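Written below as structure tokens is the structure these notes are about.
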Amino acid sequence: MDRCVVLVDAGYLLGAAASLLAGEPARSRITVDHSVLIHGLRERAEEDTGCRLLRIYWFDGAPDRVPQPEHRRLRVMPRVTVRLGALTRSEGRWAQKGVDAAMHAELTELARNRACSDIVLVTGDGDLLPGLMSAKEHGVAVHLWAVQAADGDYNQSEDLVAEADERRVLDRDWITRAVRAKDLTGICSPRPDTRPEITAILSAPLPDRPPPSGGGSTAAPAEGAPAADGGGAPRPDTAGAVADGGPADPGSNGAQAPAADGHAGEPGPVRGVPTPKDLAGLGRPAVPPNPSASPGATLRWSSDRGWVDRGTPGESPDAAGLPTLAQLTTAEQRWADREEDITTVSGDPFEVGQVFARRWIARLAVPAHLRILSAEYPRVPHRIDGELLRYAARFGLLAHKDDQIDEHDRYAIRAGFWREVDARTVNEHAPTGD
């Protein structure tokens, strides 16, 4: 049957691309346009083999085999099938488990069942040599593709190269159509044109040091950081942030505030969370100093346990009584939501926050609830915030990355939530023509 199949070892393809473009094999050092990459693979495979594409199999690892945002984007693309192995951490390094075995099984099954005439392998692993030889014995032509090696290094098994029927190299020009090196000072969340308060969500710093045990704080606020007003309520300058610097909670005996991951620890910048200094070179507007700021307060990000108020009143009764999305959603809507999550929502943290807010707003029976929520800015009411983070967890967000909760994703999720609320609130109050 004159059809071709492409089997992609994502660890090899993207790791080699990172080495080529960024100087090291860490995939976190590159950004990938998966739609462009898949289109390029399909176009190149059909050109090299002279056959129509049957399917592209994308083999990758994921923690607990839970699809990550990139896998969710890939698996809904036409002619793409995602196969996931486990991603485990050993001796400080991540390693894929089961990916090679899955590729070997797919390779031999396709050949045995005569599902195609040509198979393209994008890999460098010599463990696939027995599968490649088996495919050839069943009359399948095997094309082996390599990613151009960095600094002349060889990145494929020599035995695999020797056994392949055809070999091609995906050079730098081809790779850079879909992959580019990431700026070390960049962040993953989108940078929409939003009001200055939304920018502050992404740049609010953490306190430099804990408040003294006496209860009051003498720490100077970080430069450009918004602070609580004289009335004790947080000012609307950063979502999900809390005023830290007032009297300690009852029974705390002036103990150190919990760190961003919910555990006690030394205050300071959280890894992966950009500070105003980090964002200075990204073209983001700086947060202007607040002339009415209290000199003893500094804003800090909340943990997954919701808001932790220190020396500030709790949320308003109206906000505490706002309905959750689950309460507003019918069984039919719940099914439709799940369908949309699987087929449409990419899992980008900013987008996840927007989708959640859009659904919540669209299902409100009482329009005044939107105004109540908007008045709480930057504070997401506790029940809604918890539900928002649980929803984000479905997409593999908020997981442990490098043994720490990814606080960076929390910034982007809440920024997306407030951006959507802001847009809907503006539209609600926009003047209408005659």
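The values are calculated or read from the model by the stated rules, or taken from the named source; none is laboratory data. It should be emphasised that the depicted structure is a prediction, and the values quoted were computed from it without experimental measurement. Virtual Cβ from ideal backbone geometry, glycine too; neighbours counted across all protein chains shown.
Structural remarks
- Residue tally, condition more than 14 Å from the chain's Cα centre (by Cα), outside any helix (DSSP H, G or I) and at pLDDT 65 or above, over segment 387-432: 0
- Look at segment 96-120: where a residue is under 17 Å from Ala86 (Cβ atoms) and a partner is surrounded by fewer than 16 Cβ atoms within 10 Å (Cβ to Cβ), sitting 6+ places away or on another chain with Cβ atoms under 6 Å, you get Lys97/Ala86; Lys97/Thr88; Gly98/Ala86; Asp100/Asp127.
- Boolean, Arg65 is in contact with a strand residue (DSSP E or B) (Cβ under 6 Å, 6 or more places away or on another chain), among the charged types (D, E, K, R) and on the phi > 0 side of the Ramachandran plot: yes
- Where a residue in segment 1-28 is closer than 19 Å to Leu41 by Cβ and its partner, wherever it lies, is among the basic types (Lys, Arg), with Cβ under 6 Å and at least six apart: Arg3/Arg52; Val5/Arg55; Leu14/Arg27; Ala18/Arg27; Ala18/Arg29
- Residue count, segment 141-168 (criterion: within 31 Å of the chain's Cα centre (by Cα) and either closer than 12 Å to Leu121 by Cα or not assigned by TED's automatic domain parsing to the domain that holds Gly23 (or both)): 4
- Leu160 vs. criteria touching a strand residue (DSSP E or B) at 6+ places or on another chain (Cβ under 7 Å) and either surrounded by 15 or more Cβ atoms within 10 Å (Cβ to Cβ) or at pLDDT below 90 (or both): yes
- Among the residues of segment 356-376, those that are surrounded by fewer than 19 Cβ atoms within 10 Å (Cβ to Cβ) and under 14 Å from Arg419 (Cβ atoms) comprise Arg358, Ser374.
- Scanning segment 94-126 for residues that are over 18 Å from Arg167 (Cβ atoms) and of a type in the set (Asp, Glu), we see that the one that is farthest from the chain's Cα centre (by Cα) is Glu109.
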